[in-house]
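Okay, structure first, notes after.
The values are calculated or read from the model by the stated rules, or taken from the named source; none is laboratory data. Since this is a predicted model, take the numbers as computed values, not measurements. So basically every Cβ, Gly included, is an ideal-geometry build from the backbone, and we count neighbours across all protein chains shown.
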Amino acid sequence: MKVGITLPNLGPQATRENVLKLATQAEKDGFDSLWTITRILWPLKPQSAYAATPDGSLPVEYQTVLDPLDVLVYVAANTNKIALGTSVADIFFYTPIMLAKRFATLDVLSQGRVISGLGLGWSKDEYQASNIPFMNRGERADEFIRVMKKIWTDDIVEFKGKYYDIPASKIDPKPIQKPYIPIYLGGFSPNTFSRIVKYDLNGWLGVVGGPLEYTESSIKAIKEQASRANKNPDNFRIIMMTYPNVKEGISSKNDKNRFPLSGTIDEIGNDIQRVRGMGVDHIIFGYNFLPIGRDIDKILDISKQLSEFAR
């Protein structure tokens, strides 16, 4: 199982120095990938509840977010081989032609190291600020993905759809990776899984946000959808974002309510091995919302210890 780390592109830790330190040392330490997160605003009166907190409030770290693709361009210039991914880039903050162009540019400059993790977004405030209707976003996403793939693969690009219209044009450069940059879709709904299979995307970029049984059932759902569509389930890969919360010297062994990937190194390691056993191909360790998020040395140290359980 490959191992990645999130870059500090949000919160008070989002500085040039921290991004550079983590990126260059992670590559030296043999990690497989680096990842950035997207947010464009922190509404004072949110229209949408945040699913990852008990009261639905937004983490304060989202008040300051460096652009995910610009950060990866900077990292590409300072690294040589480590993969560079978005987890995720919410597609409706862009037009498909501009997002495809930005990813292709990054792939060229990094010499083919890009993983495009895409999402539809969930914040009505961000949709409003982007001048995109919240309704029919699934249908719009289908068209968006089709356009991006055409831009990356067709010599002459032409598209006329319900939402997007491109006259016959040359749109270069094409990505280094062929046939196109790997596309992983984030989300948790059955529609997400069917979209991955229908458009032959590379796979699912999920998040461990609850019991590991839920993660396992979601992976099975994707594989079953592939089988029903007469497609090889093994062609759809799984990347899983996690937030390892190490509590040094405090065992959660007898805590029935222990959240996955929290506790001692060994307890979290056991969870990582369970995740690997579910067929996850690539695990990401994220720290931006955790107490150690500002300590780059600690992040690297813990990640090295946990990576031993993943490989």
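Key figures
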{"read-out": "Any hit, region 63-85, residues being over 30 Å from residue 142 (Cα atoms), modelled with pLDDT under 95 and either surrounded by fewer than 23 Cβ atoms within 10 Å (Cβ to Cβ) or touching a strand residue (DSSP E or B) at 6+ places or on another chain (Cβ under 6 Å) (or both)", "value": "no"}
{"read-out": "Region 170-222, subset basic (Lys, Arg) and free of Cβ contacts under 8 Å to residues at least 12 places away in the same chain, residue surrounded by the most Cβ atoms within 10 Å (Cβ to Cβ)", "value": "220"}
{"read-out": "Region 33-79, subset more than 15 Å from residue 13 (Cβ to Cβ), assigned to a loop (DSSP other than H, G, I, E, B) and β-branched (Val, Ile, Thr), residue nearest to the chain's Cα centre (by Cα)", "value": "38"}
{"read-out": "Subset of region 106-142 (residues that are of a type in the set (Asp, Glu), over 19 Å from residue 87 (Cβ atoms) and touching a residue at least 40 places away in the same chain (Cβ under 8 Å))", "value": "125, 142"}
{"read-out": "Which listed residue, of 56, 4, is at pLDDT below 95 and touching a Phe, Trp or Tyr at 6+ places or on another chain (Cβ under 7 Å)", "value": "56"}
{"read-out": "Filtered residue count, region 26-53, keeping only those that are surrounded by 16 or more Cβ atoms within 10 Å (Cβ to Cβ) and either among the aromatic types (Phe, Trp, Tyr) or under 23 Å from residue 115 (Cβ atoms) (or both)", "value": "12"}
{"read-out": "Selected residue (criterion: farthest from residue 47 (Cα to Cα)) from residues of region 89-98 that are in a helix (DSSP H, G or I) and either in contact with a helix residue (DSSP H, G or I) (Cβ under 6 Å, 6 or more places away or on another chain) or among the acidic types (Asp, Glu) (or both)", "value": "96"}
{"read-out": "Count of region 267-311 residues which are assigned to a helix (DSSP H, G or I) and hydrophobic (A, V, I, L, M, F, W, C)", "value": "11"}
{"read-out": "Tabulated pairs, region 279-302, first without any contact (Cβ under 8 Å) to a residue 60 or more places away in the chain, second of a type in the set (S, T, N, Q) and outside any loop (DSSP other than H, G, I, E, B), C-beta under 6 angstrom, 6+ apart or interchain", "value": "290/245"}
{"read-out": "Selection from region 9-19 of residues that are under 20 Å from the mean Cα position of the chain (by Cα) and not polar (S, T, N, Q)", "value": "10, 11, 14, 19"}
{"read-out": "Residue tally, condition among the aliphatic types (A, V, I, L, M) and part of a loop (DSSP other than H, G, I, E, B), over region 1-32", "value": "3"}
{"read-out": "Only listed residue being within 16 Å of residue 284 (Cβ to Cβ) and at pLDDT below 95, chosen from 203, 209", "value": "209"}
{"read-out": "Region 74-86 residues that are more than 13 Å from residue 26 (Cβ to Cβ), paired with ones that are small (Gly, Ala, Ser) (beta carbon under 9 Å, 6 or more apart)", "value": "74/23; 76/110; 77/110; 86/116; 86/117; 86/119"}
{"read-out": "Residues of region 197-211 satisfying the condition of being in contact with a helix residue (DSSP H, G or I) (Cβ under 9 Å, 6 or more places away or on another chain) and closer than 29 Å to residue 268 by Cα", "value": "202, 203, 204, 206, 207, 208, 209"}
{"read-out": "Wholly within region 108-176, strands (runs of 3 or more DSSP E) carrying at least 1 residues that are more than 22 Å from the chain's Cα centre (by Cα), farther than 19 Å from residue 69 by Cα and among the β-branched types (Val, Ile, Thr)", "value": "157-160, 165-169"}
{"read-out": "Test result for residue 2, surrounded by fewer than 20 Cβ atoms within 10 Å (Cβ to Cβ) and within 20 Å of the chain's Cα centre (by Cα)", "value": "yes"}
